[in-house]
Amino acid sequence: MFPFDIEDEEDEELMETDSETGEPGEYEIDFSTGRLTGRILTGKEAVKQWVMIALGIDRYTYPQYSWDYGNDLHSLIGKEYDREYIKSEAQRMVEDTLSANTDITGVEDFEIGISMDRLTVKFTILTDYGNEEVEINV
């Protein structure tokens, strides 16, 4: 039997859940090593990890990801755009990327820094589980 033949109800049984809340969880990734840690994340930790992955993937690059997943921030690198244009586009692109997650209710407190070949974006995500600060480097 191939994985794509699994019925929806069987698929739900295979999902990991948090033992305390019963919510579906995600396996934690140690971004410094790129390996799974064995922990199951739920709530705002799981949402933050989703954000880090979505903002770490270039949209339209990898066929295994939907065209709705990932970001376009890489298109700002190496261009001689006005700094204010880069800041506004980076904010728009981050908000566009995060709008795909229904657990995220808003994004605020953007701080965007530009230095030579580095774009740093800091912001706060508002989720159903609480707020979480995120920082990424492009």
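Relative protection proxy for 37-50, 71-84, 114-127, from highest mean packing down: 37-50, 114-127, 71-84 (other beta-carbon atoms within 10 angstrom). Would you mind getting me the FRET efficiency between Met116 and Ser88? Use the beta-carbon distance for r and R0 = 30 Å, nearest 0.05. My answer for the efficiency is 0.90. Segment Tyr69..Asn101, full-extension length gain: 10.5 nm, with 0.36 nm per residue of separation and the alpha-carbon distance subtracted. Protection proxy ranking of 60-70, 87-97, by the mean of other Cβ atoms within 10 Å over each peptide's residues and highest first, is 87-97, 60-70. Using a cutoff of 8 angstrom between alpha carbon atoms and counting only pairs six or more residues apart, the relative contact order for segment 68-118 works out to 46 percent. Extension gain for the segment Ile29 to Tyr62, taken as residue separation times 0.36 nm less the Cα-Cα distance, is 9.9 nm to one decimal. The modelled label-to-label distance for the pair Asn131/Leu36, using points 7 Å beyond Cα in the direction of Cβ, is 3.4 nm.
Coordinate-derived values only; no laboratory data. What you are looking at is a predicted structure, and each value in this text was computed from that prediction instead of being measured. Every residue, glycine among them, receives a Cβ derived from its backbone with ideal geometry; neighbour counts consider all protein chains shown.
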